[in-house]
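S.K.: Have a look at the structure that comes next, please.
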Amino acid sequence: MSSTLPDSIPDFQPDPTLINDDLAPTPASQRTYSGWEMASLWVGLVVGVPTYYLAGSLVDLGMSWWQGILTVVTANIITVVALGLTGHPGTKYGIPFPVLARSAFGIHGAHIPTLLRGLVACGWYGIETWIGGEAIFLLLPKSIKNSSLSNSIPWLGTSPIEFACFLVFWVAQLVVVIKGMDGIRELEKYSAPILIILTSALLIWAYVNAGGFGQVLSMSSRLSSSEFWSLFFPSLTANVSFWATLALNIPDFTRYAKSQKDQIIGQAGLPILMGAFTFVGLAVTASTQVIFGRVISNPIELLGKIGGISTMILSIIGITLATITTNIAANVVAPANALVNLSPSLFTFRRGALLTALLGIAFQPWRLLQSSESFVYTWLVGYSALMGPITGIMLADYYLIKSRNLQINDLYTLNPVGNYFYYNGYNLGAIAALVIGILPVIPGFLEKIGVLNSIPELLVMIYNNAWFFGFFSSGVVYWAFSGLKATKQMSDPFLPSTN
């Protein structure tokens, strides 16, 4: 393994508990992601059922079509800046997110942010897999859907046939997962044009059958000026949160980019992609009112209603590709690498991915979806309270404190004199800053899920802006802690250094 690391320290040998093939810096031979392949990754991520739902939710809450699109595009402009900044060290040093986290949180402390990110991903993995299984179920013949196998079993929480469809989709994803990052790259590369074609076909179908997009363009806002702004900021937070997970572990992908130019160009189109797919979701959903006499916001249900064997086959292909490409890239890589980082000798990427898939079942996503108060304001905004502070701390560490200069060898050593060993492997300043960024958001989350009846308006505002609050508060506090520590050590050079 030492041959893959820089030779800045003579005879340096990385600690075997901190490295394996999946955590070692990516060699030049594996840096093959072009700008197109990075862009293909985002096409596969954006074109999916959750994005479609997110688009319609803003209009359902009262926004006009253009206000909804403006909110989505604004959020994704913010997100793409975070993606570019976080992706930089991945491309520069070839290191994944768990290794980068060691710089800010410490060799052992890095397990905290990586496992938190992995936990959110496991929940998403189960939800996405359930959506894929739901697509299979809804497109089954009526004779099967109306059989006794469709009756829910109380202890299971769903019906045998729906659970079977869930498991079929679960297995299908593993075929790609076991091929590792190469399999993910190939899937994203070749599925991107297919997804663009299928999405365009759906949009054309809606346009022709609804006689144009007059329905969506005539939708006006149902909100007053004050109501709009009270809705805009939590909606902005929710939309930033939608990709806050990827904004955190994007080094897992940019480490394979050919250059900084490729990773930046490949991600720069995210606001355009999200804006375009948001319009597709809004236009098609609004068109169903004209075509079927009622609004059908569930794309899976809509595809089932269009009918025809060829349409059903295309629908299965489209939903399957859209869900698998989103799920594997967004929700497998992060927890798999987090487990590898936890124990490189025990886990490989494939083993970590398999455990992630198993945890996805354990989350029982059918129960999560039934008990979730709101996809936007409970799930998305809720977990952004974790993602925002971690992102703020890591960016403050890399840009403000380390000035983009990392000692790569020190990221793979347990030597106490290493730059990232801190206090017994933990950077207490980063952990304290993380707690400070999370705690004020908790009352708002508890109020959302019904544990608390009412909270002060200030705490409501903090929760509605959870990602932004955590990002800036934790980042600033961490930067301040680091400055105080440096000042203290300069004033008393005889104090033992904790790095």
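The values are calculated or read from the model by the stated rules, or taken from the named source; none is laboratory data. Because the structure is a prediction, the values reported are computed rather than measured. Cβ sites come from the backbone with ideal geometry, for glycine too, and all protein chains shown count toward neighbours.
S.K.: Against the condition within 30 Å of Ser230 (Cβ to Cβ) and surrounded by fewer than 22 Cβ atoms within 10 Å (Cβ to Cβ), how does Leu58 come out, does it pass?
M.R.: It is false that Leu58 is within 30 Å of Ser230 (Cβ to Cβ) and surrounded by fewer than 22 Cβ atoms within 10 Å (Cβ to Cβ).
S.K.: Considering only residues that are β-branched (Val, Ile, Thr) and at pLDDT 95 or above, which ones fall in segment 463-499?
M.R.: Within segment 463-499, Val476, Val477 qualify.
S.K.: Identify, by number, the condition in (1) farther than 30 Å from Ile296 by Cβ; (2) crowded, with 19+ Cβ neighbours inside 10 Å; (3) within 17 Å of the chain's Cα centre (by Cα) that Leu115 doesn't meet.
M.R.: (2)
S.K.: In contact (Cβ under 8 Å) with a residue 40 or more places away in the chain and surrounded by 21 or more Cβ atoms within 10 Å (Cβ to Cβ): is that true of Thr413 in this structure?
M.R.: So Thr413 fits the description; yes.
Matching residues to (1) touching a helix residue (DSSP H, G or I) at 6+ places or on another chain (Cβ under 7 Å); (2) at pLDDT 85 or above; (3) assigned to a helix (DSSP H, G or I); (4) surrounded by fewer than 22 Cβ atoms within 10 Å (Cβ to Cβ):
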position	(1), (2), (3), (4)
Ser310	no, no, yes, yes
Ile313	no, no, yes, yes
Thr320	yes, no, yes, yes
Asn327	yes, no, yes, no
Ala330	yes, no, yes, no
Leu339	yes, yes, yes, no
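S.K.: If you don't mind, another one. If a residue has to be buried (at least 16 other Cβ atoms within 10 Å of the Cβ) and free of Cβ contacts under 8 Å to residues at least 60 places away in the same chain to count, how many in segment 431-441 make the cut?
M.R.: Going through segment 431-441 one residue at a time, the tally reaches 6.
S.K.: Of all residues in segment 228-281, which are in contact with a strand residue (DSSP E or B) (Cβ under 8 Å, 6 or more places away or on another chain) and of a type in the set (Phe, Trp, Tyr)?
M.R.: Within segment 228-281, Phe253, Tyr256 meet the criteria.
S.K.: Kindly provide the set of residues from segment 360-397 that are part of a helix (DSSP H, G or I), at pLDDT below 80 and small (Gly, Ala, Ser), ordered by number.
M.R.: Ser371
S.K.: Sticking with this one: Let me confirm something: among Thr86, Thr114, Thr91, Thr79, which residue is touching a strand residue (DSSP E or B) at 6+ places or on another chain (Cβ under 8 Å) and closer than 23 Å to Tyr33 by Cβ?
M.R.: Only one candidate passes the filter, namely Thr91.
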